[in-house]
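Asker: Below you will find the structure I want to go over with you.
The values are calculated or read from the model by the stated rules, or taken from the named source; none is laboratory data. On a predicted model such as this, the values are computed, not experimentally measured, just so you know. Because the Cβ atoms are built from the backbone with ideal geometry, glycine has one as well, and the counts that use them run over all protein chains shown.
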Amino acid sequence: MPRLTPTRTLIALALLGLAATTAVLLGSGPTHAEDSAQAEGPRPALTVATTQPQRGNVTQRLPANGNVAAWQEASIGAEVSGLRLTDVRVNVGDTVRAGQVLATFAPETIEADVAQARASLLEARAAQAEAQANADRANTLSASGALSQQQIQQYATGAQTAQARVAAAQAALNAQQLRLKHTQVLAPDSGVISARTATVGAVVGAGTELFRMVRKGRLEWRAEVTSSELPRIRPGAKAVVTAASGAQVEGTVRMLAPTVDPQTRNALVYVDLPAHPEIRAGMFARGEFLLGERDALLVPLSAVVVRDGFSHVFEVGTDSRVAMHRVQTGERSGERVAITSGLAPQARIVARGGAFLNDGDLVRVQAAPAADSAPKEAAAPVPQAQAASK
């Protein structure tokens with residue numbers, strides 16, 4: 001076994017002393033930390049700011065869904081049969097006025113019929129003039145006895161028959177002139193053309209639809225409302241309608257449907273809409289009926305935490321621990337929401353950050369910023385003479 005020199009012996013002793021000191025320090029460290037933690041008590045989970053509910057007015061809103069439709073649609077069809085379309089002057093989307101010519105038919109056939117009816121009228125008038133003259137001559141001879149009363153009566157009846165034939169010929173002429181007028185298809189009212197089936201060169205029958213028009217260009221929102229909510233709505237109430245594109249317009253309730261669908265138990269509410277380029281007939285839209293204002297208990301939106309499908313707020317107790325309360329929320333008013341139940345008016349609740357808390361957590365309440373007691377007075381400038389003397 002090799003002998004230890006004095007130098008090696010000193011080094012070994014120094015290493016042993018260092019190891020013993022390290023062991024003592026490591027052994028005593030956790031004990032001091034635990035003692036410090038126990039002396040300080042439990043640590044707060046979060047530093048929060050608190051607020052109290054406030055009374056305020058909120059607008060009562062009733063959400064609903066429905067379709068946008070035309071207020072009234074006009075079907076414009078052909079009133080003559082067997083004629084060829086020669087001109088179509090409007091297309092889908094065009095705005096027309098009442099009486100404007102939309103399309104024309106070939107008028108040649110009807111013009112010939114009008115000429116024939118006019119000639120028949122002239123012939124009937126000539127025959128009526130002759131019959132009337134014969135009746136007048138027969139009346140002048142009645143006193144002389146040259147003609148019997150039966151013959152005189154026959155001449156008078158002939159004159160009346162000729163007059164009736166004139167009236168019939170006149171009616172036939174009027175009918176043909178009316179057919180000639182119907183060779184021009186006119187707009188029955190002002191509005192917007194929504195559909196067109198008219199084609200140049202087509203031969204259509206009477207009653208065939210050529211155009212469809214949205215009367216006055218007016219649209220309406222037909223909202224579906226449950227029968228239980230229907231009594232809350234009155235004609236004249238306002239409604240805000242949002243289209244699929246996000247465009248919003250404000251409409252007015254025109255009428256409520258007199259019946260309820262027995263299958264869905266919903267009723268239609270008709271809301272007049274102003275003209276808007278992004279709202280068209282046939283679109284689906286959602287909206288809200290504005291039903292007036294009411295007094296409510298309001299809290300910031302940031303104070304409401306949704307868990308398990310329910311709304312909650314955290315109330316701070318006197319021991320700085322929070323208690324989670326389930327509440328019922330109502331209408332929104334800007335950045336605040338109405339609480340309908342579950343919260344006392346004098347409660348002190350966590351204003352924000354509740355998503356990071358649990359029921360019973362200890363929190364540190366942030367102190368409200370202290371207002372300045374008095375504005376500091378501005379230092380008066382030192383006169384130059386005093387400054388020089390100093």
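Asker: Out of Thr318, Thr340, which single residue is assigned to a loop (DSSP other than H, G, I, E, B) and among the β-branched types (Val, Ile, Thr)?
Answerer: Values: Thr340 fails: assigned to a loop (DSSP other than H, G, I, E, B).
After ruling out the rest, the residue left standing is Thr318.
Asker: Now, a different point. Under the condition of being loosely packed, with under 12 Cβ neighbours inside 10 Å and of a type outside the set (S, T, N, Q), which residue from region 139-163 is modelled with the highest pLDDT?
Answerer: Result: Ala146.
Asker: Please tell me if Pro235 is free of Cβ contacts under 8 Å to residues at least 12 places away in the same chain and more than 25 Å from Gly93 (Cβ to Cβ).
Answerer: Numbers: free of Cβ contacts under 8 Å to residues at least 12 places away in the same chain: no; more than 25 Å from Gly93 (Cβ to Cβ): yes.
No, not satisfied.
Asker: Tell me, which strands (runs of 3 or more DSSP E) lie completely within region 207-309 with 1 or more residues that are outside the structural domain of Leu343 (by TED's automatic domain parsing) and surrounded by 15 or more Cβ atoms within 10 Å (Cβ to Cβ)?
Answerer: On the way: elements: 209-215, 219-226, 238-242, 248-256, 266-273, 284-300, 305-307.
Because the criterion is at least 1 residues that are outside the structural domain of Leu343 (by TED's automatic domain parsing) and surrounded by 15 or more Cβ atoms within 10 Å (Cβ to Cβ), the strands (runs of 3 or more DSSP E) in region 207-309 that meet it are 209-215, 219-226, 238-242, 248-256, 266-273, 284-300.
Asker: Which members of region 32-69 meet the condition of being within 27 Å of Arg364 (Cα to Cα) and either modelled with pLDDT under 50 or hydroxyl-bearing (Ser, Thr, Tyr) (or both)?
Answerer: Across region 32-69, the qualifying residues are His32, Ala33, Glu34, Asp35, Ser36, Ala37, Gln38, Ala39, Thr47, Thr50, Thr51.
Asker: Could you count how many residues in region 97-106 are exposed (fewer than 12 other Cβ atoms within 10 Å of the Cβ) and within 24 Å of Leu173 (Cα to Cα)?
Answerer: The number of residues fulfilling the criteria is 1.
Conditions tested, residue by residue: (1) loosely packed, with under 14 Cβ neighbours inside 10 Å; (2) at pLDDT 90 or above; (3) touching a helix residue (DSSP H, G or I) at 6+ places or on another chain (Cβ under 9 Å).
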site: Glu108; (1), (2), (3): yes, yes, no
site: Ala117; (1), (2), (3): no, yes, yes
site: Arg137; (1), (2), (3): yes, no, yes
site: Gly191; (1), (2), (3): no, yes, no
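Asker: Also: Restricting the search to region 185-217, which residues are within 28 Å of Ala117 (Cα to Cα) and touching a Phe, Trp or Tyr at 6+ places or on another chain (Cβ under 8 Å)?
Answerer: Applying the first criterion (within 28 Å of Ala117 (Cα to Cα)) to region 185-217 yields 185-186, 201-208.
The answer is Val185, and nothing else.
Asker: Checking Ala244 against (1) touching a residue at least 24 places away in the same chain (Cβ under 8 Å); (2) over 27 Å from the mean Cα position of the chain (by Cα), which test does it fail?
Answerer: Evaluating Ala244 over (1) touching a residue at least 24 places away in the same chain (Cβ under 8 Å); (2) over 27 Å from the mean Cα position of the chain (by Cα) leaves (2) as the failure.
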